[in-house]
Each structure stands twice: as C-alpha cells, then as structure tokens.
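The values are calculated or read from the model by the stated rules, or taken from the named source; none is laboratory data. Treat the numbers as computed from the prediction; the structure is a model and nothing was measured. Quick reminder, even Gly has a Cβ in these numbers, built from the backbone with ideal geometry, and neighbours come from all protein chains shown. Please note that ligands, DNA and RNA were not included when accessible areas were found on the heavy atoms of the full protein model with its side chains. Shrake-Rupley method; radii C 1.70, N 1.55, O 1.52, S 1.80 Å.
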Amino acid sequence: MIFVTVGSRNYQFNRLFKKLDELYENGVLTEDMFAQIGTSGYKPIHYTYKDFITPEEFTEKIEEASIVVSHGASGSIMKALNAGKKVIAVTRLEKYNEHINDHQIQNNEAFSSNGYVLMADLELDDLGDCFMKIYNETDGLRKWENKNPLAIVKMIDRFIQENWE
C-alpha cells in the first residue's frame, strides 16, 4: 500500500493528487493507495482518500505502507523513515498557492542529498520515475538510522547554510 500525506495546514495540493490519478490511468501505479488530502479541492478517482486523519490513523497508515509520499514536512518524513519506509518527497510551492513560501524545497533537498528520500522534481514530472526506481529496486536510498534526534535538524541546517547563502 502507498500512503500519501500532505499535512493539515490550510493549503491545497491539487496538482499532486491529479498527478497520482494520471499515474494510475497510465498504468504506472496499480497497487492500493490511501491519501490524506487535507484541504485540497481535487477529489481522487483511482484511490481511497480522507481529508484529515487522527495521529493514530497516521501511525497506522505509515505502518501499513510500503511507500510513503510526503510533502516536505520534516516531521512526516522522519516518521516514515523511522518506520523503515521508502519515501518519495514532493514539494509544495508558493506559486501554486500550496504554501506560504518555498521552504519545503530546502527540507526535501536536504533529505534527498543525503540519500534518505527520493525527491520528485518541483513540477512532479518525474514522480512516476520515482515510483519505478523503488519498484525496480534502483532507488539507491540509504537506510535511515536516527540515533540522535537532533541530527536531522543539524543536517538540514548545515545543508541550508552551505547551499542557500
């Protein structure tokens, strides 16, 4: 099962859910999917969804999933990584009114550059390729080991300092 989560903030992520439906229509995706769609107006056609879920349901869906698709929230990504899941990170963009700014780019790039997640390109054009890399076991992802809970904060901070000054 694939679990998609976009958080509970009051911002839509319609283009992600439309793209996922396209991937089903094109035969790239065939397995069951559950999406937590938040305040998105687009209602998925080819997979199950719910606007919001409880923290308990979130944990349950993470455990059930083989792949987690997460927006660039470090908490959601870390929960999936801590559960040993393969993660595809997708980025909400300000220009599409998906967030107040583009900070998710830095979060996703930090996780991706360290080999912990596959980051879909900003326009989601390669989202299907991300799934295929996981299915074909050519994703090259490193196993996440969270020995120090502050390590991710330091990793993201270091990445931002080195790349965004």
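Observations, loosely collected:
- Computed from the C-beta positions of Leu141 and Asn97, the FRET efficiency with R₀ = 22 Å rounds to 0.10.
- Rounded if a/c under 1.5, otherwise prolate or oblate - region 8-66, Cα gyration tensor axes: oblate
- A simple rule links phi to the HN-Hα coupling: the Karplus curve 6.51 cos²θ - 1.76 cosθ + 1.60 with θ = phi - 60°, which for region 9-18 gives 5, 7, 9, 6, 9, 4, 5, 5, 5, 5 Hz, with x for Gly and Pro.
- Tensor-based shape of the chain (alpha-carbon gyration tensor, a/c under 1.5 rounded, otherwise prolate or oblate): rounded
- The label-point distance for Glu22 and Ile45, in a model that sets each label 7 Å from Cα toward Cβ, rounds to 1.3 nm.
- In Å², nearest 10: area of Thr39 left accessible to a 1.4 Å probe: 60
- Whole-Hz couplings from phi, Karplus 6.51/-1.76/1.60, listed for region 36-42; x for Gly and Pro: 9, 9, x, 9, 5, x, 6
- Remark: for residue pairs Lys43/Lys133; Lys61/Lys85; Lys85/Lys143; Lys50/Lys133; Lys79/Lys143, the C-alpha separation exceeds 20 Å in Lys43/Lys133; Lys50/Lys133.
- Distant-in-sequence amide H partners of Val28 (H built 1.01 Å from N, under 5 Å): none
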